[in-house]
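The values are calculated or read from the model by the stated rules, or taken from the named source; none is laboratory data. Remember, predicted model here, so these are calculated numbers, not experimental data. Backbone-built Cβ (ideal geometry, glycine too); neighbour counts: all protein chains shown.
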Amino acid sequence: MATPVISIPEATNPHVASDIPFYKPHGNEVELFDHAFNKQLPLLIKGPTGCGKTRFVTHMAARLNRPLYTVACHDDLTATDLVGRHLINNSGTYWNDGPLTRAVREGGICYLDEVVEARKDTTVVLHPLTDDRRILPLERTGEILQAPPQFMLVVSYNPGYQNFLKGMKPSTRQRFVSLRFGFPEPELEQEVVMTETGIDPEMAKLLVKLVSALRSLKAHDLEEVASTRLVVYAASLIKNGFPPIDACRAALVEALTDDEEIIAALMEVVYACFGE
């Protein structure tokens with residue numbers, strides 16, 4: 001049985017400013033998250049791969065000083081993976097909470113990343129938590145957990161990957177306040193790259209110019225565009241002394257496609273941007 005990826009910070013230690021992961025707002029997303037948290041509303045975040053959805057949720061959990069449970073959703077994810085199961089040890093059978101149950105018990109934030117990858121019968125378990133009941137029934141233990149005011153459910157997905165089989169059911173989507181993410185404007189993206197890697201402003205500006213050019217080629221047989229995450233990877237390599245052209249190939253170009261002809265075309269953009 002596949003196991004969800006779980007992130008469990010210390011809930012008892014208050015976060016200080018230095019503990020809060022860097023995040024630069026694009027718009028009013030911080031205010032919207034705050035209002036949703038205060039009014040006990042579930043939040044749905046839509047946006048392309050690598051645009052900062054997970055970093056944003058991590059930032060907000062630290063800012064609000066709540067434990068964060070992150071689940072990377074996939075085809076084999078079951079309701080049991082989220083809620084919990086009975087296990088056996090030398091002392092006998094015992095109940096082990098899943099990440100969703102832990103978040104409810106502790107008044108934490110449960111973040112389901114790429115929620116549309118989970119089976120539809122799995123996401124049904126979320127419904128009682130996303131209306132005015134805010135309860136989580138545990139059928140195998142007979143418990144009905146009432147979510148405390150500090151509990152928040154956040155889910156995300158990439159609309160670009162949606163199709164008939166992978167879309168979110170309307171009955172589920174309409175239970176959430178929705179927030180749409182995109183890639184930051186060039187000046188903001190440059191600031192993010194500089195802050196994340198310590199690279200000099202000129203190189204950061206050049207990398208952002210390059211990635212903007214690469215993104216304009218999405219229609220040319222590319223399933224995805226270059227993300228801010230990939231720009232940060234390239235900048236990290238360059239900052240550490242790796243040749244810029246090679247860093248761009250490794251972090252940006254090769255990550256976008258396996259097609260050799262497309263790779264050659266993308267590298268032409270890289271050469272043009274770096275003046276070679």
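I'm told Asn163 meets every condition in (1) modelled with pLDDT under 90; (2) over 21 Å from the mean Cα position of the chain (by Cα) except one. Can you identify the failing condition by its number?
(2)
Looking at Ala213, Ala247, which is the one that is of a type in the set (A, V, I, L, M, F, W, C) and modelled with pLDDT of 95 or more?
One residue alone meets the criteria, Ala247.
Mind checking which residues of segment 43-75 are assigned to a loop (DSSP other than H, G, I, E, B) and under 25 Å from Ala255 (Cβ atoms)?
Gly47, Pro48, Thr49, Gly50, Cys51, Gly52, Cys73, His74, Asp75
Might you let me know whether segment 125-138 holds any residue that is of a type in the set (Lys, Arg), surrounded by fewer than 17 Cβ atoms within 10 Å (Cβ to Cβ), farther than 21 Å from Phe33 by Cβ and touching a residue at least 40 places away in the same chain (Cβ under 8 Å)?
No, segment 125-138 contains no residue that is of a type in the set (Lys, Arg), surrounded by fewer than 17 Cβ atoms within 10 Å (Cβ to Cβ), farther than 21 Å from Phe33 by Cβ and touching a residue at least 40 places away in the same chain (Cβ under 8 Å).
What's the total number of residues in segment 126-147 that are among the small types (Gly, Ala, Ser) and at pLDDT 95 or above?
1
Out of Cys110, Cys51, which single residue is at pLDDT below 95 and crowded, with 21+ Cβ neighbours inside 10 Å?
Cys51
Just name the residue that is farthest from Leu32 (Cα to Cα) out of those in segment 58-100 that are touching a His at 6+ places or on another chain (Cβ under 8 Å) and among the hydrophobic types (A, V, I, L, M, F, W, C).
Step by step, filter segment 58-100, then rank; the result is Trp95.
Look at Val104 and say whether it is out of contact with any strand residue (DSSP E or B) (no Cβ under 6 Å at 6 or more places or on another chain) and touching a residue at least 12 places away in the same chain (Cβ under 8 Å).
no
With (1) part of a loop (DSSP other than H, G, I, E, B); (2) in contact with a Pro (Cβ under 7 Å, 6 or more places away or on another chain) as the list, and Asp258 as the residue in question, which single condition is left unmet?
(2)
Being within 18 Å of the chain's Cα centre (by Cα) and surrounded by fewer than 20 Cβ atoms within 10 Å (Cβ to Cβ) is the filter; apply it to segment 68-93 and report the residue that is modelled with the highest pLDDT.
Only one residue fits best here, namely Ala72.
Which of (1) buried (at least 20 other Cβ atoms within 10 Å of the Cβ); (2) in contact (Cβ under 8 Å) with a residue 24 or more places away in the chain; (3) closer than 23 Å to Pro243 by Cβ does Lys209 not meet, given it meets every other one?
Result: Lys209 fails condition (1) only.
Hey, can you tell me all the residues within segment 98-146 that are closer than 14 Å to His74 by Cα, part of a loop (DSSP other than H, G, I, E, B) and of a type outside the set (A, V, I, L, M, F, W, C)?
Listed by number, the residues that qualify are Glu114, Arg119.
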